[in-house]
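Q: Once you've had a glance at the structure underneath, I'll fire off some questions.
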Amino acid sequence: MVVKREGPILVEGPVEVVCDDGTTMRPDRFVVAICTCRRSRAYPWCDTSHRRRKSAGTAEDRPDGRQPQEGKEEPLP
């Protein structure tokens, strides 16, 4: 198992995940990425939603000098 600070938990299979509602999921992949941020639309599997974040700050705070767009999420560089 590999735990990433800002990402998913990578688990080598075979893997069996029991969800809150009691259902059991058994993916057929050798390595699975389990979401830890709960932003994934495929939860409990990671869909890389942790890479997106809300814009913050002003153009002076950004390395590219662009003005952040309010209310939009942008991918991390």
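The values are calculated or read from the model by the stated rules, or taken from the named source; none is laboratory data. Nothing here was measured: the structure is a model prediction, and the numbers come from that model. Quick reminder, even Gly has a Cβ in these numbers, built from the backbone with ideal geometry, and neighbours come from all protein chains shown. When the accessible area is computed, the model is the full protein with side chains, heavy atoms only, and any ligands, DNA or RNA have been set aside. Shrake-Rupley method; radii C 1.70, N 1.55, O 1.52, S 1.80 Å.
Q: Restricting to the stretch 1-36, and then to whatever is out of contact with any Phe, Trp or Tyr (no Cβ under 8 Å at 6 or more places or on another chain), assigned to a loop (DSSP other than H, G, I, E, B) and open to solvent by less than 80 Å² (accessible area, probe 1.4 Å), can you tell me which residue is farthest from D47 (Cα to Cα)?
A: So, considering only residues that are out of contact with any Phe, Trp or Tyr (no Cβ under 8 Å at 6 or more places or on another chain), assigned to a loop (DSSP other than H, G, I, E, B) and open to solvent by less than 80 Å² (accessible area, probe 1.4 Å), the one farthest from D47 (Cα to Cα) is G22.
Q: Which one is surrounded by the fewest Cβ atoms within 10 Å (Cβ to Cβ) among residues in the stretch 37-53 that are more than 8 Å from the chain's Cα centre (by Cα) and part of a loop (DSSP other than H, G, I, E, B)?
A: Looking at the filtered set, the residue picked out is R41.
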